[in-house]
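The values are calculated or read from the model by the stated rules, or taken from the named source; none is laboratory data. No experiment lies behind these values; they were computed from the predicted model shown. As a convention, Cβ positions derive from the backbone with ideal geometry for all residues, glycine included, and neighbour counts pool all protein chains shown.
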Protein chains: 2
Amino acid sequence: MARAKRPDVTPDQPVCSIERSLALLGDRWTLLVVREAFAGATRFSDFRDALGIATDLLTQRLGSLVDAGVMERRTYQEPGRRARFDYHLTQAGRDLRLVLGALQQWGDRHRPPVGGPSALRRSRTTLQPLDVAFVDGGGAAVDIADVEFVLNDGGRAATRAQKCEGLPG
Amino acid sequence: MARAKRPDVTPDQPVCSIERSLALLGDRWTLLVVREAFAGATRFSDFRDALGIATDLLTQRLGSLVDAGVMERRTYQEPGRRARFDYHLTQAGRDLRLVLGALQQWGDRHRPPVGGPSALRRSRTTLQPLDVAFVDGGGAAVDIADVEFVLNDGGRAATRAQKCEGLPG
DNA sequence: CACATGGATTGGATTTTCCAAGTCATGTAG
DNA sequence: CTACATGACTTGGAAAATCCAATCCATGTG
């Protein structure tokens, strides 16, 4: 009865989507790099200066984000300068807004800063403040306590996949 | 012009809610421990066996989750057994469903598994499949491209807080 | 009293992160 | 043409986190 392997060493992809996401995003820096990209950072030095991340790690993190299709590396050239690279979010990267939004909302509610939420999410067009929530097919929010996670494959999945299931809380 | 401090060593709390959340959740194991809790794990051995995590780390992660108010440690006693502890999600922990849901949805869409999504989110009462989305005050979903992050304090915040802002993508 | 059990704790090897210094190709200045 | 500046990395070694196996510890039962 061998124990389950740890997520980052599993030879084949983990079955659980949460694990696959965390294999890329679940460390101290990667989501902060993405956040900086949302805030407008594109160049190596933008990320380095904003985050204070070690440059070897930044090279590695940007590389893994590019490999994963979350960012893309483009060549740019300012007049009188040699060609350089900068980094831009792809659609996959832009979709991480939801993950960052969920983390931000959770932090605001459950790890409150000294002076109330320092930032909020809002609609560009209506300027209404926005929350992150579960929504049904019609785009209407549902109560979080009414949400459950279930398997999608009629029970075919290996025991490992069961780990995505259930919500007794 | 000193560099910004790195998040986990910053003496006072980071201004950004995303950073505060990641300071607790942004490692390889913590969110997987929370996922197991959603899947019904309560005892030390449940988490250890499901995740294959080293026991010293599990002790530490459960402890930091309890300290942060995400889980609570309860005493239980089976008949003819001595008293033991188990771990249950608090409301703060249950609210992490949104973060896990966002990660799962992103993984399903952008790091697709071999055979389609292995799990989905649905309503307990209507059984409709659910998405994670941004919603306005009336509980209606808004297009993710229409979302921007803004400061909430009239520009009073330190430069560091600017890092939560902006959404050029 | 010997032993089993769940829940940790400990010691040491391995891996990751941190930090400062160095490299490398291309620019401009003299 | 040589000297130097610049941005974007590499590299080397120290510090910290992680992994793993073995051990501990209190309280059950036989």
Residue B:10 meets each of (1) assigned to a strand (DSSP E or B); (2) modelled with pLDDT under 90; (3) among the hydroxyl-bearing types (Ser, Thr, Tyr) with one exception, condition (1)
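Hey, which of the strands (runs of 3 or more DSSP E) in segment B:106-166, taking only ones fully inside, have at least 3 residues that are surrounded by 13 or more Cβ atoms within 10 Å (Cβ to Cβ), at pLDDT 95 or above and at the interface with chain A (Cβ under 7 Å from one of its Cβ atoms)? Working first, answer last.
Numbers: elements: B:119-123, B:129-135, B:147-151.
Filter on segment B:106-166 gives B:129-135.
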Restricting segment B:27-62 to residues that are part of a loop (DSSP other than H, G, I, E, B), within 13 Å of DNA strand D (Cβ to nearest atom) and in contact with a helix residue (DSSP H, G or I) (Cβ under 9 Å, 6 or more places away or on another chain), the one nearest to residue A:28 (Cα to Cα) turns out to be B:27
Checked pairs for segment A:70-89, first touching a residue at least 40 places away in the same chain (Cβ under 8 Å) and more than 23 Å from residue A:20 (Cα to Cα), second within 15 Å of DNA strand C (Cβ to nearest atom) and assigned to a strand (DSSP E or B), C-beta under 9 Å and 6 or more apart or across chains, list as A:84/A:75; A:84/A:76; A:85/A:75; A:85/A:76; A:86/A:75; A:86/A:76
Picked from segment B:79-102 (must be touching a strand residue (DSSP E or B) at 6+ places or on another chain (Cβ under 8 Å) and farther than 24 Å from residue A:109 by Cα), the residue farthest from DNA strand C (Cβ to nearest atom) is B:83
Verdict on residue A:52 being within 26 Å of residue B:149 (Cβ to Cβ), surrounded by 13 or more Cβ atoms within 10 Å (Cβ to Cβ), free of Cβ contacts under 8 Å to residues at least 24 places away in the same chain and away from DNA strand C (no atom under 14 Å from the Cβ): no
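Taking segment B:31-56 on its own, how many of its residues are among the aliphatic types (A, V, I, L, M), out of contact with any Asp or Glu (no Cβ under 8 Å at 6 or more places or on another chain) and within 10 Å of another protein chain (Cβ to nearest Cβ)?
First, pick out the residues of segment B:31-56 that are among the aliphatic types (A, V, I, L, M): B:31-34, B:37, B:39, B:41, B:50-51, B:53-54.
Checking the rest, the ones that are also out of contact with any Asp or Glu (no Cβ under 8 Å at 6 or more places or on another chain) come to B:31, B:33-34, B:37, B:41, B:53-54.
Pick out the ones that are also within 10 Å of another protein chain (Cβ to nearest Cβ) and you get B:31, B:34, B:37, B:41, B:53-54.
Residues that pass the stated criteria total 6.
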Considering residues that are within 12 Å of DNA strand D (Cβ to nearest atom) and closer than 30 Å to residue A:115 by Cα, the number found within segment B:64-76 is 1
A careful count of residues in segment B:63-79 that are surrounded by 18 or more Cβ atoms within 10 Å (Cβ to Cβ) and not in a loop (DSSP other than H, G, I, E, B) gives 2
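Would it be correct to say that residue B:27 is more than 11 Å from every other protein chain (Cβ to nearest Cβ), in contact with an Asp or Glu (Cβ under 9 Å, 6 or more places away or on another chain) and either small (Gly, Ala, Ser) or within 13 Å of DNA strand C (Cβ to nearest atom) (or both)?
Working: more than 11 Å from every other protein chain (Cβ to nearest Cβ): no; in contact with an Asp or Glu (Cβ under 9 Å, 6 or more places away or on another chain): yes; either small (Gly, Ala, Ser) or within 13 Å of DNA strand C (Cβ to nearest atom) (or both): yes.
Spelling it out, it is not the case that residue B:27 is more than 11 Å from every other protein chain (Cβ to nearest Cβ), in contact with an Asp or Glu (Cβ under 9 Å, 6 or more places away or on another chain) and either small (Gly, Ala, Ser) or within 13 Å of DNA strand C (Cβ to nearest atom) (or both).
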